[in-house]
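Derivation of every value follows stated rules applied to the coordinates shown; laboratory data play no part. Predicted, not measured: the structure shown is a model, and the values here were computed from it. Note that each Cβ is placed from the backbone with ideal geometry, even for glycine, and that neighbours are counted across all protein chains shown.
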Amino acid sequence: MEIEILGHKDTRSGFGEGLAELGRVNPNVLALCADLTGSLKMDAFLKENPDRFFQIGIAEANMMGIAAGMTIGGKIPFTGTFANFSTGRVYDQIRQSIAYSQKNVKICASHAGLTLGEDGATHQILEDIGMMRMLPNMTVIVPADFNQTKQATIAIADHQGPVYLRFGRPVMPIFIKPDAPFIIGKADVIKEGNDVTIIACGHLVWKSIEAIKTLEERGISVELINMHTIKPLDEAAILASVAKTKCVVSAEEHMINGGLGEAISQVLSRNLPVPQEFVGVDDSFGESGAPMELMTKYGIDTQNIISAVLKVLARKG
């Protein structure tokens, strides 16, 4: 499979560029940050819209409450901090003031998963997709690269209701065209195939692309789906693909419990039970280390996807 690499950049920069673009065209967009403006790449928005940027400080729970209140006047607040502080630290405020109340807050979370790297387990949240997809009224989006993160940031401003947008820190290949359509709840089929379906999100989409190169050399035809929206899940895309391949591998930078793979398995168990293998962190906290080395150690690297494909094909028979 030939995928054109358009450059290399972190997904958090895609959020920063998308937010800055929104600031130029939508006067209702506001930005709130919990003392991490540079890390969230919110500097451009701050420079161009100082009257619409609010530095809340290290008070994330307060930030969520303020954002919820801002929506009452028709504003569209984007909150920015690390994924751990965007969810685990403030889950009660999100549940009560945003999700239950159906407030139009965009919760934008950087440095998600193991690839936060050297900051270690206390910051590397691996449970956030599960936490957020369990909340009624919450949309959950995990884009695959810089361009798609920018597209998603712009798209969620037009979506009415609370959104959790998850992105990361490491520099990764850019492979999605800047003018590609982004539709919330509509999966992208990156490659069609007949033998096995891989459904991935976030950084694991690129890792899946790397895996497919090896699998194709072995004569295995892979269908790859970029499931950028975890909720609402594109069930039609899952069922259409799996009806053809009869087996599936899910891949995510998240705990196996509660994440994308579990969401897929719920769809399949109700509609089309087939063998499934899960590439994700297996009930473990992370640790301090280099991002790519951590992905290898915790079983969410290219080779793990290859091994999962071979295993699920053997189960399919």
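Values computed for the structure shown
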| read-out | value |
| --- | --- |
| The range 150-223: trypsin sites (Lys or Arg not before Pro) falling in loop per DSSP and having at most 11 other Cβ within 10 Å | Arg218 |
| Total charge dipole magnitude, the chain, about the Cα centre, Cβ charges on Lys, Arg, Asp, Glu only, Debye to nearest 20 | 680 debye |
| Sequence-distant residues sharing a close amide H with Val279 (under 5 Å, placed H) | Ser250, Ala251, Glu252 |
| Projected-area mean, the range 8-174, by convex hull of Cα positions, square nanometres | 8.3 nm² |
| When the convex hull of its Cα atoms is projected in every direction, mean area for the range 188-316 (nm²) | 7.2 nm² |
| The range 1-72 - convex hull of alpha carbons, volume per residue in Å³ | 135 Å³ |
| Simple label model, 7 Å out from Cα along Cβ direction - Arg218 to Ala236, nm | 3.4 nm |
| For Lys231, residues with placed amide H under 5 Å, excluding near neighbours | Val140 |
| Between helix 11-25 and the chain: long-axis angle, C-alpha atoms, 0 to 90°, nearest 10 | 50 degrees |
| Sequence-separation-based contact order of the range 8-174, relative, with Cα cut under 8 Å and 6+ spacing, percent | 31 percent |
| Cβ crowding within 10 Å averaged over residues, with 27-38, 236-247 ranked highest first | 27-38, 236-247 |
| Under Karplus coefficients 6.51, -1.76 and 1.60, residue-wise ³J(HN,Hα) of the range 55-71 in Hz, glycine/proline x | 8, 8, x, 7, 8, 4, 4, 5, 4, 5, x, 4, 4, 4, x, 4, 5 |
| Folded to 0 to 90 degrees: helix 260-271 orientation relative to the chain principal axis, Cα | 60 degrees |
| Average projected area [Cα convex hull, the range 130-176], square nanometres | 3.7 nm² |
| Separation between Cα centres of the range 49-94 and the range 229-263, rounded to whole Å | 30 Å |
| Diffusion coefficient, µm² s⁻¹, Stokes-Einstein with Kirkwood Rh over alpha-carbon pairs of the range 135-224 at 37 °C and 0.692 mPa s | 229 µm²/s |
| Asp51/Ile72 FRET efficiency (R0 22 Å; Cβ-Cβ; nearest 0.05) | 0.70 |
| Packing-based ranking, highest mean first, of 128-139, 11-22 given that Cβ atoms within 10 Å are counted | 11-22, 128-139 |
| Rounded D (µm²/s) - the chain, Kirkwood Rh over Cα pairs, Stokes-Einstein at 25 °C, 0.890 mPa s | 126 µm²/s |
| Calculated [θ] (222 nm, deg cm²/dmol) that DSSP helices of n ≥ 4 give over the chain, each run adding -39,500 (n - 2.57) | -10500 deg cm²/dmol |
| Of all DSSP beta bridges in the chain, antiparallel share, percent nearest 5 | 20 percent |
| Residue-wise HN-Hα coupling along the range 86-91, computed from phi with Karplus coefficients 6.51, -1.76, 1.60 (Hz; x: Gly, Pro) | 7, 10, x, 6, 10, 4 |
| Positive-end residue, the chain charge dipole about Cα centroid, Cβ charges, pick of Thr11, Ala236, Gly117 | Ala236 |
| Rounded to 5, the percent of DSSP beta bridges in the range 8-174 classed as antiparallel | 15 percent |
| On Cα atoms only, tilt of 203-217 relative to the major axis of the chain in degrees | 20 degrees |
| Sequence-distant residues sharing a close amide H with Thr197 (under 5 Å, placed H) | Glu223, Cys247, Val248, Val249 |
| Residues in the range 1-45 reached by a label modelled at Asp179 [backbone nitrogen below 18 Å; 7 Å Cα→Cβ] | 4-7 |
| Cα-projected label distance for His159 with Glu4, points at 7 Å along beta-carbon direction, nm | 2.8 nm |
| In the range 247-317, the GluC sites (Glu not before Pro) that fall in loop regions by DSSP, at most 15 other Cβ within 10 Å | Glu287 |
